[in-house]
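As C-alpha cells, the structure follows; a few thoughts come after it.
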Amino acid sequence: LISGVGGQGVLLTGLVGGLASSTATTLSLSRMAKEGISPPSAVAAGVVLANVVMLLRVGVILVALSRPVFEKLALALGAGAAVGAVCALIMWRFARNDAAGTGVVELRNPFELRPAIYFAAMVALISIASSYGAETFGVAGVYVVGAISGLADVDAMTLSGARQAAAGALIADVAAGAILFAVAANIAVKGVMACAVGGMQTGVRVLAPFAAIAAAGAAAVAMV
C-alpha cells in the first residue's frame, strides 16, 4: 500500500508505484481522481511519472540482458522519459495549489507467488509466440506479438525480446521493434484507462503528455 496526500504525495506515488507496476498505479490513481480524493492535475502528474519510470525500467532490463537492443532503444527511451518527466513536473506545479486529499494506492506485493508464476508463464508464452511469429510471418509477426503483449504488460516482452536477441534467436533490430510496439500499446491502454476510470478531466491531462512521449520516441527512432 502506498499513501498519497495532495499533489506532492501523488507524484511520489507515481514515482514509487511505477517501480512495481505502472499499470496498477495508473488504475489506482485514476480511481482517486474519480472519487475526488486528488485533483486531476495531480493524478495526471503521478500517472505520467509512473510511465516515465516504466520507460527507465525497460532500459535497465535491456542493459542487463542485451546491450545491442539497448543501444537501439536508448535514444527513444531517454527522449520519451525526459519529455514525460517535464510534463509531469509542469502538471505538478499546476496541482500544488489544488485542494489536497488523502488516498491509498493499492499495489500487489511483487514477491507474491501467484503473480510471479503468471509473469513467468507470460514470458515463456511470448517467447514461443514471437519465435513462431518470426518463422511464420517474419518480422511483422514478431511486431504483432509485441503489440498484443503490450496490452497487458511491457516487462514480459522486454525480457523475452532481450533474451532472444542475446541468444541469437532474434536480431537486435527486430527485438527492439517488438519492444517498442509493446511500450506503445501499453501506454495507449493506460491512456484509455485514465479516461475511462478517472474521467475526461484526468484523461485529457494524461493523453497530452502521452502523445508528447510518443512523438519524442518516434522522432528519436527516426534519428537512429
- line: For region 122-143, pairs from a residue that is modelled with pLDDT of 80 or more to a residue that is surrounded by fewer than 19 Cβ atoms within 10 Å (Cβ to Cβ) and not acidic (Asp, Glu), with Cβ under 8 Å and 6 or more apart or across chains, are 141/132
query: For residue 158, which of the numbered conditions (1) β-branched (Val, Ile, Thr); (2) under 13 Å from the mean Cα position of the chain (by Cα); (3) surrounded by fewer than 24 Cβ atoms within 10 Å (Cβ to Cβ) fails to hold?
result: (3)
field: Selection from region 55-106 of residues that are open to solvent by less than 10 Å² (accessible area, probe 1.4 Å), modelled with pLDDT under 95 and in a helix (DSSP H, G or I)
entry: 88, 95
statement: Of all helices (runs of 4 or more DSSP H) fully inside region 150-224, the set with 3 or more residues that are closer than 18 Å to residue 79 by Cα is 172-198, 200-223
- prompt: Among the residues of region 187-202, which ones are among the small types (Gly, Ala, Ser) and crowded, with 24+ Cβ neighbours inside 10 Å?
  reply: 194, 198
- request: Evaluate region 173-186: report whether one residue or more is over 20 Å from residue 63 (Cα atoms) and open to solvent by less than 10 Å² (accessible area, probe 1.4 Å).
  value: yes
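The values are calculated or read from the model by the stated rules, or taken from the named source; none is laboratory data. The shown structure was predicted, so the numbers you read here are calculated from the model rather than taken from an experiment. Here Cβ is always computed from backbone atoms with ideal geometry, including for glycine, and neighbour counts include all displayed protein chains. Just the protein is used for accessible areas: all its heavy atoms, side chains included, with ligands, DNA and RNA removed. Shrake-Rupley method; radii C 1.70, N 1.55, O 1.52, S 1.80 Å.
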